[in-house]
1. Answer with one residue from Ala222, Gly33, Val69: the one whose Cα lies farthest towards the positive end of the charge dipole of the chain, charges on Cβ with Lys, Arg +1 and Asp, Glu -1.
2. Taking the chain as a Gaussian network, Cα atoms linked when under 10 Å apart, which of Ile126, Ile89, Ile70 shows the biggest mean-square fluctuation?
3. How high is the relative contact order of the range 74-178? Use alpha-carbon pairs under 8 Å, at least six apart in sequence, and give a whole percent.
4. Starting at the first residue of the range 157-174, write each ³J(HN,Hα) from the Karplus equation 6.51 cos²θ - 1.76 cosθ + 1.60 with θ = phi - 60°, in whole Hz, x for Gly and Pro.
5. Taking square-rooted eigenvalues a ≥ b ≥ c of the alpha carbon gyration tensor, is the range 11-64 rounded, prolate or oblate, where a/c under 1.5 means rounded and, failing that, a/b exceeding b/c means prolate?
6. Please sort by residue number the trypsin sites (Lys or Arg not before Pro) in the range 113-206 whose DSSP state is loop and whose Cβ has at most 15 other Cβ atoms within 10 Å.
7. Compute a Gaussian network model of the chain, connecting alpha carbons closer than 10 Å, and tell me which residue from Ser97, Ser199, Ser188 fluctuates the most.
8. Looking at the square roots a ≥ b ≥ c of the eigenvalues of the Cα gyration tensor of the range 1-99, which shape do they give, rounded for a/c under 1.5, prolate if a/b is larger than b/c, or oblate?
Amino acid sequence: MKDIKKNIHEIKEKIKNSAVKSKKSSDKIILIGVTKTRSPAEINEAIRSGITDIGENRVQEILDKYDEVIPVRWHMIGHLQTNKVKYIIDKVKMIHSVDSIRLVKEIDKRAGQHNLVMDILVQINIADEDSKFGLMPEELNSFLNHLKDYNHVQVKGLMTVAPFDENPENVRIYFRQMKELFDTYKNSNIFNHNMEYLSMGMTNDFEIAIEEGANMVRIGTAIFGARN
Ligand SMILES: *Cc1c(COP(=O)(O)O)cnc(C)c1O
């Protein structure tokens, strides 16, 4: 447990250094502690050590831990089934893994029932991997067009999970492509959205992701150690 604090400190230093390389201010970069498989005690230790945002990839884990964790911003970062949206709609600040209109419809409906507007990111399968969720980049335009019809969802940006590679330099190209896609829409005002966040980079590749323009990184292993 005592490593958690030290690990977070080291990660924040690395974030700072990478931000300098990308000529960005590191306080514009949000560190999301990924807490899947971790106990509320470990999570609370991370929060006491400065983590303000946490990410989970399963609905059940959010429900199991929610009441035991010090209040912070929760992010849903894993694939979300439509029939489970109702359980987390009033618990999470943002859903990173939106990749179908069916899911948008359900989020819109449930958010409406709670009289709130849910922040969402559109997940992109940037390397066209069969094993990954997300839209192809060329599908994004029409997807965003459809989103205009829903008043209880607000698009806040894009998210991706890069392919795993021992050498993260090999996935830099995908982060660069994501940034180009992000900028294309950020700078257009055709759509009713607010492209603010580019969520990419994990333990293995977050420094490269930041150098290429990420402003949200999702880090689990480097904070808490290897998962079982
Ligand atoms: C598990 C997970 C992470 C964090 O992975 P680490 O390699 O442990 O940092 C980030 N994003 C998503 C979507 C995840 O499922």
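1. Val69
2. Maximum among the listed residues: Ile70.
3. Reported relative contact order: 26 percent.
4. For the range 157-174, the Karplus-derived couplings read x, 10, 9, 8, 10, 6, x, 6, 8, 3, 9, x, 4, 6, 9, 3, 4, 6 Hz, x marking Gly and Pro.
5. prolate
6. When the trypsin sites (Lys or Arg not before Pro) of the range 113-206 are filtered for loop state and at most 15 Cβ neighbours within 10 Å, Lys148 remain.
7. Result: Ser188 has the largest fluctuation of those listed.
8. Oblate.
The values are calculated or read from the model by the stated rules, or taken from the named source; none is laboratory data. Bear in mind that the values here come from a model prediction, so they are computed numbers and not experimental data. Backbone-built Cβ (ideal geometry, glycine too); neighbour counts: all protein chains shown. Just so you know, the surface numbers come from the protein's heavy atoms only, side chains and all, with ligands and any DNA or RNA stripped out. Shrake-Rupley method; radii C 1.70, N 1.55, O 1.52, S 1.80 Å.
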